[in-house]
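S.K.: Structure below; questions to follow.
The values are calculated or read from the model by the stated rules, or taken from the named source; none is laboratory data. If you're wondering where the values come from, they're calculated on a predicted model, not measured in any experiment. In case anyone asks, the SASA skips ligands and DNA or RNA and just uses the protein heavy atoms, side chains included. Shrake-Rupley method; radii C 1.70, N 1.55, O 1.52, S 1.80 Å.
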Amino acid sequence: MAIFYPDILEQKTAAREFTYRDKDVMLYALGVGMGQDPMNEDELAYVYERNLKVIPTAATVLASNMRSAGGPAPVMPEGHRQSQINFLMVVHGEQKVELHKPLPTTGTFTAEGRTVGAYDKGEGKGAVIINETVWKDDKGEKVATLTGSTFARGDGGFGGPSEGAPEPHVVPTRKADLSVDFTTREDQALLYRLNGDRNPLHSDPESARRSGFQRPILHGLCTYGITCRAVLQAITGFDPDQILSHQARFSAPVIPGDTITVDLWKDGRNISFEARVKERGATVIKNGLTVLRA
């Protein structure tokens, strides 16, 4: 395993086509807890095909059916070395979804990924890798840009820059303008994993124990989706088309069954947020920012 710098900045994945259907949209919404009350018509619009709406953060999973078991193969220009990181030592750090246009309930797109940043924390201290995936429609127009950072704990010391990584959004220091509570189900990780992430850490008790947890934990991207659900409920009146982008940093795991409190601050088009589990005194999402369309 090795990171070659600056070669890694030329590392891309070939454009690959994928299709999602209304079933995939509804499964994601169920996975982040929508529809627990089938009489709540605001949430029903996300889990029932009549007048179906799409949660913006569904973009993190809707392209999952294009991936092979090992993921898209990197494409490198001639003369450049291909980097490999130790995936057993990887932690998802941050995630951002930007929608250049609202997501349709079904569609066929192409997605192409590339590495846009690599930052060296030093030997034994890990590395931060930033990847970007762009969706385009059949006209070649951008639909979504997904940006994610990975903390590669076993890959520091490769000689890249130690500074210059994007700074996280700073939430206001004043008391939150409003807070929303969501109680996760004890089987929520088993449902959410059907969106594509079948890491046994989220389903197999023995795998969870080997990773230092008493039981399987909830997917970080599920918690991320719950924070978007909070913005939809508390800020946009369940209108997904108002959301331009949604980003956050992962800070601690959620245990299925936890109640997540999402604190929100509204400053014009910018909605800052953080999420916490009060029972355990844990902040699980930090530095959150939703930007609304003008």
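S.K.: Residue by residue through the stretch 133-149, which ³J(HN,Hα) values in whole Hz follow from phi under the Karplus form 6.51 cos²θ - 1.76 cosθ + 1.60 (θ = phi - 60°), with glycine and proline marked x?
M.R.: Per residue, the Karplus-derived 3J(HN,Hα) values read 10, 10, 8, 10, 8, 5, 9, x, 8, 5, 10, 8, 10, 10, 10, x, 10 Hz.
S.K.: Also: Relative contact order for the stretch 1-139: what percent, with Cα pairs under 8 Å and sequence separation of 6 or more?
M.R.: 36 percent
S.K.: Could you look at the stretch 244-284 and say what percent of its accessible area is carbon and sulfur, using a 1.4 Å probe and all protein chains?
M.R.: 46 percent
S.K.: Please list, in chain and number order, the residues 5+ apart from residue 13 or on another chain whose amide H is under 5 Å from its amide H, with Hs placed from the backbone.
M.R.: Placed amide hydrogens put 75, 113, 114 under 5 Å from residue 13.
S.K.: Using θ = phi - 60° and the Karplus curve 6.51 cos²θ - 1.76 cosθ + 1.60, what whole-Hz ³J(HN,Hα) does each residue of the stretch 152-167 get, with Gly and Pro shown as x?
M.R.: Calculated HN-Hα couplings, in order: 8, 5, x, 10, x, x, 8, x, x, x, 9, 10, x, 5, x, 7 Hz.
S.K.: Okay, moving on. Considering only protein heavy atoms and a probe of 1.4 Å, how much of the accessible area of the stretch 172-237 is carbon and sulfur, as a whole percent?
M.R.: That share works out to 47 percent.
S.K.: Right, another one. Using the Karplus curve 6.51 cos²θ - 1.76 cosθ + 1.60 with θ = phi - 60°, work out ³J(HN,Hα) for each residue of the stretch 112-118 in order, rounded to whole Hz, and write x for Gly and Pro.
M.R.: Those phi angles translate into 9, x, 7, 8, 10, x, 8 Hz.
S.K.: When we measure straight from the Cα of residue 125, which aspartates and glutamates land under 12 angstrom away, once same-chain ones fewer than 8 places off are left out?
M.R.: Once the sequence-local aspartates and glutamates are set aside, what remains near residue 125 is 155.
S.K.: Let me ask something additional. If you rank 145, 108, 19 by how much accessible surface each has, with a 1.4 Å probe, what is the order from largest down?
M.R.: Ranked from most to least accessible, the order is 108, 19, 145.
S.K.: Can you give me the accessible area per residue for the chain, using a 1.4 Å probe, in Å²?
M.R.: Per-residue accessible area for the chain comes out at 49 Å².
S.K.: A follow-up question, please. Can you tell me, using C-alpha contacts under 8 Å and at least 6 residues apart, the relative contact order of the chain as a whole percent?
M.R.: 20 percent
S.K.: Between helix 22-31 and the chain, what is the angle of the helix's C-alpha long axis to the longest principal axis, kept within 0 to 90° and rounded to the nearest 10?
M.R.: Tilt of helix 22-31: around 80 degrees.
S.K.: If amide H atoms are built 1.01 Å from N in the plane of the peptide, which residues on other chains or at least 5 residues away come under 5 Å of the amide H of residue 143?
M.R.: 135, 136, 137
S.K.: Here's a follow-up. Working from the alpha-carbon coordinates of the stretch 140-294, get Rg over Rh, Rh being the Kirkwood radius.
M.R.: Ratio of gyration radius to Kirkwood radius: 0.99.
S.K.: Amide H of residue 107 versus every other amide H placed in the peptide plane: which residues, excluding those fewer than 5 positions away on the same chain, fall under 5 Å?
M.R.: The answer is 20.
S.K.: Can I ask one more? Considering only protein heavy atoms and a probe of 1.4 Å, how much of the accessible area of the stretch 1-56 is carbon and sulfur, as a whole percent?
M.R.: The nonpolar share, carbon plus sulfur, comes to 47 percent.
S.K.: When 1/r is averaged over all different Cα pairs and the result inverted, which Kirkwood radius in Å belongs to the stretch 101-210?
M.R.: Evaluated on the stretch 101-210, it is 18.2 Å.
S.K.: Another one. Running a GNM on the chain with Cα contacts under 10 Å, which residue among 77, 102, 256 ends up with the highest mean-square fluctuation?
M.R.: Looking only at 77, 102, 256, the biggest GNM fluctuation is shown by 77.
S.K.: Have a look at 192, 48, 28 and tell me which one the Gaussian network model of the chain (Cα, springs below 10 Å) gives the largest fluctuation.
M.R.: 48
S.K.: Let me ask something additional. For the chain, modelled as a Gaussian network with Cα springs under 10 Å, which listed residue fluctuates most, 136, 12, 175?
M.R.: Of the options given, 175 has the highest mean-square fluctuation.
S.K.: Hey, could you pull the Cα Rg and Dmax for the chain, both in Å?
M.R.: Expressed in Å, the Cα Rg and Dmax of the chain come to 18.9, 60.
S.K.: Could you tell me which of the pairs 142/286; 53/96; 23/136 are separated by over 24 angstrom between their Cα atoms in the structure shown?
M.R.: 142/286, as the Cα separations exceed 24 Å there.
S.K.: Does anyone have the angle between helix 220-234 and the longest principal axis of the chain? Alpha-carbon axes, 0 to 90°, nearest 10?
M.R.: With both axes taken from Cα atoms, the answer is about 40 degrees.
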